[in-house]
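S.K.: Got a structure for you, written out below as structure tokens; questions coming shortly.
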Amino acid sequence: MATAVASSPGRVTVIGEHTDYNEGRALGVATAQRTTVKAAAGTPGALEITSTIGTASCAIDAPAGPPFAVLAAALARAAGVQGVRLEVTSDLPMGAGLASSAAYAVAVALALGIEGDAVTVARACQAAEREAGSDVGLLDQLVALEAREGTAVLIGFEALSVAHVPVRGAIGLTVVDTGERRALRASPYAQRRAECARAAEVIGPLGRATAADVATLRDPVLARRARHVVTECARVDEARRALEADDLGALGSLLDAGHASLRDEFEASTPGVEAVRDAVRAQPGIAGVRLTGAGFGGCLVVAHEPDASVAAQGRWTTRLRPGAGASVSPGR
């Protein structure tokens, strides 16, 4: 195989959590932080990885070892690669809700030469992540692949449609790390997916359901999960209009409402996350704050006046300037 270098951004969900696997809608942007993978021919039948989080080696056809090796081996098989060495570097924080695993998967897929449109590559990455133990949707991969600088990616998951919404200077966005790390495999994420699936057995795909449909659910837990998805999809539509109108106040209110729904209806927040969010929300110039990512820890996305500064008691923060999507180039 020819040597190739691929780079993929992380993802910040502006609004639209837990909607992708429910045939709903989401609005996300690419981060400036990226994961880069260099792929070169290696020993036949073998995968070797060196990275900022460790090293691993395994057989491509019978992978064993850490999940990042199992994931890469699955993509190597999908690409028809016989033997490969991967060098991985990244400035994306792990377990922070910024889709570091999807950025890694997309960069590996492109470096290995997996071809096709964004949906084809995203599905290959999704399958590899599932083989590695994470039953993920398609939000993170599609944002990474479809992002354009200065825009948010609007995805409709029923038909896997994509549109781009400009994010202009009238609206400031900042990411704040709460300091609480989580891994999807060890979080209630799988339980929430199962609850959504049980609700969908009664009322159909939640991303296409209505408030009246939710009212027919007799189980109060399933009703809360479904109500979050239904109202979150409506917030996605309203957020698109707020961005197009440069309406910071409207966008901030939607972020606050989305966070309340994640906390109360989906039960995806934690006391530590709430403490950081309350402190950030009380600062001058802040219009709205919500969890971004699957929840149970991770980062907050903050909508604020363009000149406002966001402080987080020594925690990691970064001004969000929607970045470009994944790319690949010949290696040296």
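S.K.: Please enumerate the residues belonging to segment 194-207 that are out of contact with any His (no Cβ under 8 Å at 6 or more places or on another chain) and either surrounded by 17 or more Cβ atoms within 10 Å (Cβ to Cβ) or part of a loop (DSSP other than H, G, I, E, B) (or both).
M.R.: Glu195, Ala199, Ala200, Ile203, Gly204, Pro205, Leu206, Gly207
S.K.: OK, next. For segment 76-95, which positions are within 19 Å of the chain's Cα centre (by Cα), among the aliphatic types (A, V, I, L, M) and either surrounded by 17 or more Cβ atoms within 10 Å (Cβ to Cβ) or closer than 11 Å to Gly45 by Cα (or both)?
M.R.: Leu92
S.K.: Could you say whether any residue in segment 33-52 is under 30 Å from Phe266 (Cβ atoms) and of a type in the set (A, V, I, L, M)?
M.R.: no
S.K.: Ok, one more. Any residue in segment 106-131 that is touching a residue at least 40 places away in the same chain (Cβ under 8 Å) sitting within a Cβ distance under 8 Å of a residue that is acidic (Asp, Glu) and assigned to a helix (DSSP H, G or I)? List the pairs, counting only those 6 or more apart or interchain.
M.R.: Listed by first residue and then by second, the contacts come to Ala118/Glu146.
S.K.: Quick one: would you say Ala311 is exposed (fewer than 15 other Cβ atoms within 10 Å of the Cβ) and assigned to a loop (DSSP other than H, G, I, E, B)?
M.R.: yes
Since every read-out is calculated from the coordinates, none of them should be taken as a lab result. Remember, it's a predicted structure, so these values are computed and weren't measured experimentally. All Cβ positions, even for glycine, are placed from backbone atoms using ideal geometry, and neighbour counts span all protein chains on display.
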